[in-house]
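Q: Mind having a look at this structure? Questions to follow.
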Amino acid sequence: MSPSEGMAKAYDPRQVEERIYRFWEEGGYFRPRMVPGRAPFVITMPPPNVTGALHLGHAMTAAIEDLMTRWHRMRGEPTLWLPGVDHAGIATQNVVERELAREGLTRHDLGRERFLERVWQWVYTYRARISDQHRRLGVSCDWERERFTLDEGLSRAVRVAFVHLFEKGLIYRGTRLVNWCPRCRTAISDLEVEYEEVPSRLWFIRYPILGDGWNGPGTWGSGRWAEGATRFITVATTRPETLLGDTAVAVHPKDDRYRALVGRQAVLPGVSRAIPIVADVAVDPAFGTGAVKVTPGHDPTDYEIGERHGLAIVNVLDEDARMNEEAGPYAGLELLECRRRIVEDLKREGLLEKEEPYQHAVGHCQRCHTVVEPRISTQWFVRMRPLADAAIAAVREGHIRIIPERFAKIYFDWLENIRDWCISRQLWWGHRIPVWYCDDCGGYTSTVSDPTACAHCGSARIRQDEDVLDTWFSSGLWPFSTLGWPEDTPDYRAFYPTTVRETGYDILFFWVAREVMLGLEMTGQVPYRVVYLHGLIRNEHGQKISKSMPDAERYDPLHIIQEYGADALRFTMTTSSTPGNDMNLDPRRIEGARNFANKIWNATRFVVSNFQTAPGTERAAPELPERWIRSRYHRLVGEVNALLEEYQFGEAGRRLYDFLWSEFCDWYIEVSKLRLYGEDPARAETAREVLLEVLEGSLRLLHPFMPFVTEELWQHLTRTPFAAGRGYGPALIVAPYPEPDTDALDPQAEADFERVKELVRAVRNARAERRVDPSRWIEAIVVAGRHAPVLRSQAEVLSRLARIAPERLEIVEERTERPTEAVPLVVGEVEVFLPLAGMVDIAAERARLQEALRAAEAEIARVRAKLENPAFVQKAPPEVVEKERQRLARALEEAERLRAQMR
RNA sequence: GGGCGGUUAGCUCAGCCGGUCCAGAGCGCUACGUUGACAUCGUAGAGGUCACUGGUUCGAAUCCAGUACCGCCCACCA
């Protein structure tokens, strides 16, 4: 059977991936296989938001997690990778609202119920799409355990967690200054505010001071409002419209300029309210004028100043950022319009001292990018301090390891400075807050199942809070809510705590820290033992790819899969970056990975074509190339295992690439052809055994990186007549991961074969440089000294790979006579002469030798200088010194040979 | 204002708990393609003061300090 009959000439992922995926899924290989006494390996997949299709960032997550999952599964551990999807509260509500907007509708036009129906439609569409994308990526997660944050079980977990925290006093309701998105019309947490530098202005506004013969203002807008005032205090602000809500002016207590004014009253332009001048250390005397307008209702710093001085809070904004009735003459205006008008009016009244251009950071809503307004409102909060302390301790004490380590510091910093978490959202899509208010006694009732009466007074007149929870509240329970918690289910018992949280570092605070806190609080255990953070995928402009990008569609992994195959994408993802570092996905690398898949496809095709008969009975002893490749392979097994243990996936993948391409394909396959196409069946048999051992093992090693092509090839390989009947099992996905066999390590063979390779390369080089016809068989004399016996044993390899005529290859210990008219080469301790009749340019050869000698002498000088340095000999480790000595000896010998050749 | 990451061949990136790394890969480039797996290929080759400055060390791309760019995160200076 010729190879073309069984396998295509080039690997075509489209012919393979779908079939292989079905094979795995139908074979039930994604389900954990329990092994008594064996610790399981568990990852809960970071649930993608149902806001849209997956992008390349998700493909990264999938590639790395599947790599870990497949590796552990092959090691025989009970392995569970649990998939799921996140309802993503505010984000999903927003995308659906945007969709409605295109129809000219708002959610209020539909009402809560019909709006939620629309959202569910959306969810239905995108869940299917996400699931399809994941399958195309080849994820080996257990679909039967797929979860959604709004599932009944998970919703119950949310309730249980809420009630627990509520009863423990860790959840409380309070009226505070919160971040308010006027577009979403909801409070958001500190984390959901994104600060952005924007060019703005600093307006310097004069507030007249009451007294000194001035008893108050005139009519606002008349141009004579401040007529008669003699003293003013000037404040600088970026937000003139908020002055309508000012309740004080503050100066630094030690600021001499204003000392006399503290305790007096200024009059607020526009609304003509008298407000006190107070002294507070929060004021920076060096900024602006050193006097600050204090607006406790719309600024966090001012809020604190207000608390210290018992200032009133005046809220001048509506929930959609229009000026409310407190804004007096400006009531009803949109915020920016109000700003424009008030500046104009201040000017007219002679109260605008000056304005300067000014750049400052303005908070925007993470989800809709509207400018966030600090606003007083009544919300639910989680008291974070005690939870954060436990989460810090878990990492500090080593119960959780963060990779890469530098993120531990970032994690600590955040938790140490954490503020209470606002968890209520004035949205419709999400888990409804499980609190009921009593119309009679005003008490709060929070219970797991819906109450029928107030827990305090027994009244039946209770109403549930209209709001929903921050979506991250349910995300924070993911490692255990997905396993059945709060019920004591078999899955929860078997798989919790999980093993690894693998995700992008951008959600360390949003998610990971909260999982750790809630995990510890709710289950008393860490949710996982390792946090592995990968970098972000950036586009050609260096922007992080996310679902909210307008052109997110461009980054659908299916585009790449369609063109290059899933394995190529995955191999690129897992090997072209290091943990925690971002990557620009370079199409050339994907192409390289695609070529690699094709390379191993063809290598296997070659092997398969030679495996069409059952094993023979006679087998020759392994020769140098066989011992070499086996040693290299077993060394590789050890290295790859060690690297995977250390989470160094990229390095492990690169080693596999190098070994398969540069050693196995480039050298051993070439050598094996001598056996396979030669006269001696026993040698051919040995070569087949070695090809099988190394290739089959390599496919297993590579499987977590390139699951599809390796599975397909492994099936072809293990079903050949030669390989069949050796107990290979039904599927690579569950074949055992190779274990290192130190007995196969053979440093001598590695060194000897390395010499053979160098010799071949040197001859090829000499031929190429002298333009020897590639088809021409040349003559060679090898003066090999102590290496003669080994090289003689490899005469066939040398002659075939360097295209030296076998009958004209002479390998001797010593040189008896000096060949004339020959190209001389020196390869370490070995000399080669190529009598290339008519092609030898004596002068050129001399120059070449001269150059080589110069190099050798430079080497000698360098190493000698090192060895003559007493400090080096004394302080460097003996083995390093010894290495240098050997290096010197080798260089001396080489120089000697070069000189001899030039004589 | 703090903190972190990056700066290595033309391009995209490895290497970085110091010693055959007088630095590697892929792509690109140059020349050549004999060969019964592969042109998604093969062979050979060119190409880098490892951002800069100083320090530690017998020895530094690798450790320390500083500088310069690029990027990110955190932060209530109006």
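Just so you know, all these numbers are worked out from the coordinates, no wet-lab data involved. Given the structure is predicted, the values throughout are model-derived calculations rather than measurements. Note that each Cβ is placed from the backbone with ideal geometry, even for glycine, and that neighbours are counted across all protein chains shown.
Q: Go through the residues of the stretch A:421-429 one by one and say whether even a single one is within 16 Å of RNA strand B (Cβ to nearest atom) and not basic (Lys, Arg). Walk me through how you get there before you give the answer.
A: Kept after step one, since they are within 16 Å of RNA strand B (Cβ to nearest atom), are these residues of the stretch A:421-429: A:421-422.
Among the residues that remain, those that are also not basic (Lys, Arg) are: A:421-422.
Looking for residues that are within 16 Å of RNA strand B (Cβ to nearest atom) and not basic (Lys, Arg), one finds at least one in the stretch A:421-429, hence yes.
Q: Run residue A:7 past the list (1) within 25 Å of residue A:554 (Cβ to Cβ); (2) surrounded by 15 or more Cβ atoms within 10 Å (Cβ to Cβ); (3) within 16 Å of RNA strand B (Cβ to nearest atom) and report the number of the one that doesn't hold.
A: Unmet for residue A:7, out of (1) within 25 Å of residue A:554 (Cβ to Cβ); (2) surrounded by 15 or more Cβ atoms within 10 Å (Cβ to Cβ); (3) within 16 Å of RNA strand B (Cβ to nearest atom): (1).
Q: Kindly indicate the residue of the stretch A:612-637 that is within 14 Å of RNA strand B (Cβ to nearest atom) and surrounded by fewer than 23 Cβ atoms within 10 Å (Cβ to Cβ) and also farthest from residue A:695 (Cα to Cα) among those meeting that condition.
A: A:613
Q: Take residue A:540 and decide whether it is within 15 Å of RNA strand B (Cβ to nearest atom) and farther than 23 Å from residue A:129 by Cα. Explain how you work it out, then say what you get.
A: Working: within 15 Å of RNA strand B (Cβ to nearest atom): yes; farther than 23 Å from residue A:129 by Cα: yes.
Yes.
Q: Right, another one. Please tell me if residue A:289 is within 13 Å of RNA strand B (Cβ to nearest atom) and surrounded by fewer than 21 Cβ atoms within 10 Å (Cβ to Cβ). Lay out the reasoning, then the answer.
A: Details: within 13 Å of RNA strand B (Cβ to nearest atom): yes; surrounded by fewer than 21 Cβ atoms within 10 Å (Cβ to Cβ): yes.
When the stated conditions are applied, residue A:289 passes them.
Q: Let me confirm something: among A:767, A:776, which residue is within 12 Å of RNA strand B (Cβ to nearest atom), assigned to a helix (DSSP H, G or I) and more than 23 Å from residue A:627 (Cα to Cα)? Please lay out each step first, then the result.
A: On the way: A:776 fails: assigned to a helix (DSSP H, G or I).
Unique residue meeting the criteria: A:767.
Q: From the list A:247, A:234, exactly one residue is in contact with a strand residue (DSSP E or B) (Cβ under 9 Å, 6 or more places away or on another chain) and either surrounded by 21 or more Cβ atoms within 10 Å (Cβ to Cβ) or without any contact (Cβ under 8 Å) to a residue 60 or more places away in the chain (or both). Which is it? Break it down stepwise before answering.
A: Working: A:234 fails: either surrounded by 21 or more Cβ atoms within 10 Å (Cβ to Cβ) or without any contact (Cβ under 8 Å) to a residue 60 or more places away in the chain (or both).
Of A:247, A:234, the one residue that is in contact with a strand residue (DSSP E or B) (Cβ under 9 Å, 6 or more places away or on another chain) and either surrounded by 21 or more Cβ atoms within 10 Å (Cβ to Cβ) or without any contact (Cβ under 8 Å) to a residue 60 or more places away in the chain (or both) is A:247.
Q: Next question. Consider the stretch A:10-59. How many of its residues are within 16 Å of RNA strand B (Cβ to nearest atom), in a loop (DSSP other than H, G, I, E, B) and crowded, with 16+ Cβ neighbours inside 10 Å? Spell out the reasoning first.
A: Keep residues of the stretch A:10-59 that are within 16 Å of RNA strand B (Cβ to nearest atom), which gives A:10-17, A:56-57.
Checking the rest, the ones that are also in a loop (DSSP other than H, G, I, E, B) come to A:10-12, A:16.
This time we only want the ones that are crowded, with 16+ Cβ neighbours inside 10 Å, so: A:11, A:16.
Qualifying residue count, the stretch A:10-59: 2.
Q: Would you please name the residue that is surrounded by the fewest Cβ atoms within 10 Å (Cβ to Cβ), looking only at residues in the stretch A:190-218 that are near RNA strand B (Cβ under 10 Å from one of its atoms), farther than 21 Å from residue A:348 by Cα and of a type outside the set (A, V, I, L, M)?
A: A:197
Q: Could you say which residue among A:301, A:295 is within 13 Å of RNA strand B (Cβ to nearest atom), touching a helix residue (DSSP H, G or I) at 6+ places or on another chain (Cβ under 8 Å) and among the β-branched types (Val, Ile, Thr)? Don't jump to the end; show me each part of the working.
A: Working: A:301 fails: touching a helix residue (DSSP H, G or I) at 6+ places or on another chain (Cβ under 8 Å).
One residue alone meets the criteria, A:295.
Q: Okay, moving on. Report yes if some residue within the stretch A:779-795 is loosely packed, with under 14 Cβ neighbours inside 10 Å and not in a strand (DSSP E or B); otherwise report no. Lay out the reasoning, then the answer.
A: Going through the stretch A:779-795, the residues loosely packed, with under 14 Cβ neighbours inside 10 Å turn out to be A:786, A:789.
Of the ones still in play, those that are also not in a strand (DSSP E or B) are A:786, A:789.
Looking through the stretch A:779-795, at least one residue is loosely packed, with under 14 Cβ neighbours inside 10 Å and not in a strand (DSSP E or B).
Q: Does residue A:656 qualify as being touching a residue at least 24 places away in the same chain (Cβ under 8 Å), within 35 Å of the chain's Cα centre (by Cα) and within 13 Å of RNA strand B (Cβ to nearest atom)? Break it down into steps so the answer makes sense when it comes.
A: Values: touching a residue at least 24 places away in the same chain (Cβ under 8 Å): yes; within 35 Å of the chain's Cα centre (by Cα): yes; within 13 Å of RNA strand B (Cβ to nearest atom): yes.
Judged against the criteria, residue A:656 is a match.
Q: Given the conditions (1) under 25 Å from residue A:382 (Cβ atoms); (2) of a type in the set (S, T, N, Q); (3) in a helix (DSSP H, G or I), and given that residue A:179 satisfies all but one, which numbered condition is not satisfied?
A: (3)
Q: Can you give me the number of residues within the stretch A:667-698 that are part of a helix (DSSP H, G or I) and within 14 Å of RNA strand B (Cβ to nearest atom)?
A: First, pick out the residues of the stretch A:667-698 that are part of a helix (DSSP H, G or I): A:667-676, A:681-698.
Subsequent filtering for residues that are within 14 Å of RNA strand B (Cβ to nearest atom) retains A:667-676, A:681, A:684, A:687-688, A:691, A:694-695, A:698.
Of the residues in that region, 18 qualify.
Q: Sort through A:106, A:79 and tell me the only one that's touching a helix residue (DSSP H, G or I) at 6+ places or on another chain (Cβ under 8 Å), of a type in the set (S, T, N, Q) and without any contact (Cβ under 8 Å) to a residue 24 or more places away in the chain.
A: Only one candidate qualifies: A:106.
Q: Just give me the residues in the stretch A:569-599 being in a helix (DSSP H, G or I), among the aliphatic types (A, V, I, L, M) and either more than 8 Å from RNA strand B (Cβ to nearest atom) or in contact with a strand residue (DSSP E or B) (Cβ under 6 Å, 6 or more places away or on another chain) (or both), in sequence order. Don't jump to the end; show me each part of the working.
A: Narrowing the stretch A:569-599 to residues in a helix (DSSP H, G or I): A:569-575, A:587-599.
Those still in the list that are among the aliphatic types (A, V, I, L, M) too: A:569, A:573, A:590, A:593, A:597.
Result: A:569, A:573, A:590, A:593.
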